[in-house]
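Asker: Below is the structure I would like to discuss, written out as structure tokens.
The values are calculated or read from the model by the stated rules, or taken from the named source; none is laboratory data. Remember, it's a predicted structure, so these values are computed and weren't measured experimentally. Reconstructed Cβ throughout: ideal geometry from the backbone, glycine too, with neighbour counts over all protein chains shown. All accessible areas refer to the heavy atoms of the entire protein, side chains included, with ligands and DNA or RNA removed. Shrake-Rupley method; radii C 1.70, N 1.55, O 1.52, S 1.80 Å.
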Amino acid sequence: MLSHKTLSDDFIIEETFPIRHDWTREEVSALFALPLPELMFKAQSAHRIYFDPTKIQVSTLLSIKSGGCPEDCAYCPQSAGHEEKIKADRLMAVDKVLEKAREAKAEGATRFCMGAAWRSPKDHDLETVCAMIEGVKDLGLETCVTLGMLNLEQTLKLKKAGLDYYNHNLDTSEEHYEKIISTRTYQDRLDTLAFVRDAGIKVCCGGILGMNEQEADRASMIRSLANLPKHPESVPINLLIRVKGTPLEDAETIDPLDFVRTIAVTRIVMPQSYVRLAAGRTEMSPEMQTLCYLAGVNSIFLGQRLLTCPNPEKSSDLTLFNKLGLQIADKMVEASA
């Protein structure tokens, strides 16, 4: 059991934030129902136990193969089945990827993430991706890839190449999932996560908010993440980018404070995880992003694009960091009490 003491000698609060994998629906829903000041205080308390709240880890995400994906994810412009779609291209050459990785490192990134629009990788493509991983590792960066579903053999090849993280999001709750994707099941996602975890690769897994889900769906998704055998080391929380030609182009906009609540609950139930403010930051005001940082976000993507979608300019991020007194972490650190 961990103890947290904050504020001043005259006002000391003790709060416990044990690492749990047995959260109930009722418990997670009760966190969502807290008055916002109380919820934020709990989230900040949990954050301070395990992390320096003034440090932000920075990653860069590159699309190494865009478009032509056979999946029908309702949020994704890379699906080949949508009315308007991104033209399929070939897998990038290794030297071009390493050039982008060098640029990312120079910008302050500590992790370089590579994404390919596949249902699952073909073996010959996986060999090329493994060469990318080895090259990025040689530059002194952590590596992450998202390639779709994996089998055990593919996972072990990625581990041998030195992969640090594998991204494979749950996207939403199991209950809402069938309204978003029909070409793979929730269990398919859980199976890939199990292969990755069992191979000793760190897991990057989160979801997307604003896909016409309810608060109960957000609570259910977070519960599913927190009740995995091991918490994902990195939890990206995305705000839906409503792209023209996708089934969710007219999705109802999520209330900013509902988004912030989801961040805070994520921090409380998975206090050792990096919580990343991922896609959709171009749709967020500086004030909304500030509340997210106060709610426990300690990681972002830096760079002008996230796969095929826009991302804020580095200068705007640095300006906000300066106003808030936040600093880019010079390296990844393990969460510690």
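Asker: From the list A74, A46, exactly one residue is out of contact with any strand residue (DSSP E or B) (no Cβ under 6 Å at 6 or more places or on another chain), small (G, A, S) and in a helix (DSSP H, G or I). Which is it?
Answerer: A46
Asker: Would you tally the residues in the stretch 260-282 being out of contact with any helix residue (DSSP H, G or I) (no Cβ under 7 Å at 6 or more places or on another chain) and closer than 12 Å to V297 by Cα?
Answerer: Qualifying residue count, the stretch 260-282: 4.
Asker: Now a separate question. Would you point out which residue out of H47, H4 is modelled with pLDDT under 90, crowded, with 19+ Cβ neighbours inside 10 Å and of a type outside the set (D, E, K, R)?
Answerer: H4
Asker: Here's something else I'd like to know. Do we find that L34 is part of a loop (DSSP other than H, G, I, E, B), under 30 Å from L291 (Cβ atoms), open to solvent by less than 60 Å² (accessible area, probe 1.4 Å) and at pLDDT 95 or above in this structure?
Answerer: Working: part of a loop (DSSP other than H, G, I, E, B): yes; under 30 Å from L291 (Cβ atoms): yes; open to solvent by less than 60 Å² (accessible area, probe 1.4 Å): yes; at pLDDT 95 or above: yes.
Spelling it out, L34 is indeed part of a loop (DSSP other than H, G, I, E, B), under 30 Å from L291 (Cβ atoms), open to solvent by less than 60 Å² (accessible area, probe 1.4 Å) and at pLDDT 95 or above.
Asker: Which numbered condition trips up A194, out of (1) over 23 Å from M221 (Cβ atoms); (2) open to solvent by 10 Å² or more (accessible area, probe 1.4 Å)?
Answerer: (1)
Asker: Go through (1) closer than 22 Å to T110 by Cα; (2) without any contact (Cβ under 8 Å) to a residue 12 or more places away in the chain and name the single condition S299 misses.
Answerer: Among (1) closer than 22 Å to T110 by Cα; (2) without any contact (Cβ under 8 Å) to a residue 12 or more places away in the chain, S299 violates only (2).
Asker: Against the condition touching a residue at least 40 places away in the same chain (Cβ under 8 Å) and either open to solvent by less than 30 Å² (accessible area, probe 1.4 Å) or over 30 Å from A161 (Cα atoms) (or both), how does P229 come out, does it pass?
Answerer: Considered against the rule, which asks whether it is touching a residue at least 40 places away in the same chain (Cβ under 8 Å) and either open to solvent by less than 30 Å² (accessible area, probe 1.4 Å) or over 30 Å from A161 (Cα atoms) (or both), P229 comes out as no.
Asker: For the stretch 114-144, how many residues meet the condition of being of a type in the set (V, I, T), out of contact with any helix residue (DSSP H, G or I) (no Cβ under 6 Å at 6 or more places or on another chain) and crowded, with 21+ Cβ neighbours inside 10 Å?
Answerer: Looking only at that region, the number is 2.
Asker: So which of E252, E213 ends up being modelled with pLDDT of 95 or more and either part of a helix (DSSP H, G or I) or out of contact with any Gly (no Cβ under 7 Å at 6 or more places or on another chain) (or both)?
Answerer: E213
Asker: Out of (1) outside any loop (DSSP other than H, G, I, E, B); (2) modelled with pLDDT under 95, what's the single condition that is false for T246?
Answerer: Result: T246 passes all but (1).
Asker: Looking only at the stretch 311-322, filter to residues that are in contact (Cβ under 8 Å) with a residue 12 or more places away in the chain and not polar (S, T, N, Q); which one of those is nearest to D52 (Cα to Cα)?
Answerer: F321
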